[in-house]
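Since the structure comes first, as structure tokens, the remarks are kept for the end.
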Amino acid sequence: MFLPKHAALLLLLTAACQSGPSQPPPTVTVDLIYGPTCPNSAAAYRTLQKIQADWGTRPGAKRAQLRVNRWRVPENALPTPATVRLNGYPFPADSSLPVRLSGYSSPTVLVAGHSVTGTAPQPGLPGCAVLLPTERLIREAIDAALPPAR
């Protein structure tokens with residue numbers, strides 16, 4: 001079938017408009033709750049940095065963006081005074097700890113609001129976690145939180 005030059009262009013533009021704007025992929029949120037004086041906080045932080053750094057090479061990266069928040073437990077909630085460094089390793093915090101995240105031990109990693117170790121927040125002063133968020137647990141929780149493949 002022969003179409004004039006302008007008709008073919010019009011068909012292409014119409015098809016592009018009908019498909020609509022592309023939506024950004026959904027976001028999987030990971031929250032690290034830590035106290036800088038807890039000895040395992042640095043390892044959990046480094047593990048999350050590694051996961052975030054290689055996220056673009058993972059199959060799930062096309063289905064969701066990964067957002068990592070870091071929350072420092074307030075100094076008055078720690079068993080010892082907080083410092084900004086642990087073994088020389090700096091700990092940035094995104095902001096003060098929201099109420100919805102209070103009561104968790106340090107370090108705790110939440111993926112989509114759920115602890116990767118299955119622990120629940122406890123009232124009172126949080127301490128150092130007994131169950132640690134390993135790389136395997138964090139990756140499995142992220143994979144489980146991904147939207148289904150299309």
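The values are calculated or read from the model by the stated rules, or taken from the named source; none is laboratory data. Computed from a prediction, not measured in an experiment: that's the story for all the values here. Reconstructed Cβ throughout: ideal geometry from the backbone, glycine too, with neighbour counts over all protein chains shown.
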Test of understanding: among 81, 148, 123, which residue is at pLDDT below 90, within 21 Å of residue 51 (Cα to Cα) and surrounded by fewer than 12 Cβ atoms within 10 Å (Cβ to Cβ)? 148
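Can you find, within region 24-51, the residue that is surrounded by the most Cβ atoms within 10 Å (Cβ to Cβ) among those that are part of a strand (DSSP E or B) and not aromatic (Phe, Trp, Tyr)?
Step one: list which residues in region 24-51 are part of a strand (DSSP E or B), which gives 27-34.
Narrowing the set further to residues that are not aromatic (Phe, Trp, Tyr) leaves 27-33.
Details: 27: 12, 28: 22, 29: 15, 30: 23, 31: 23, 32: 25, 33: 28.
The selected residue is 33.
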For region 95-109, does any single residue satisfy the condition of being buried (at least 18 other Cβ atoms within 10 Å of the Cβ), under 23 Å from residue 131 (Cβ atoms) and modelled with pLDDT under 75? yes
The condition from (1) modelled with pLDDT under 80; (2) part of a strand (DSSP E or B) that residue 67 misses is numbered (1)
Regarding residue 139, is this residue out of contact with any Phe, Trp or Tyr (no Cβ under 9 Å at 6 or more places or on another chain) and more than 20 Å from residue 54 (Cβ to Cβ)? no
Step by step: first the residues of region 52-71, then only those that are among the small types (Gly, Ala, Ser) and surrounded by fewer than 11 Cβ atoms within 10 Å (Cβ to Cβ), then the one that is nearest to residue 106 (Cα to Cα). Which residue is that? 53
Tell me which residues, restricted to region 103-137, are touching a Gly at 6+ places or on another chain (Cβ under 6 Å) and on the phi > 0 side of the Ramachandran plot. none
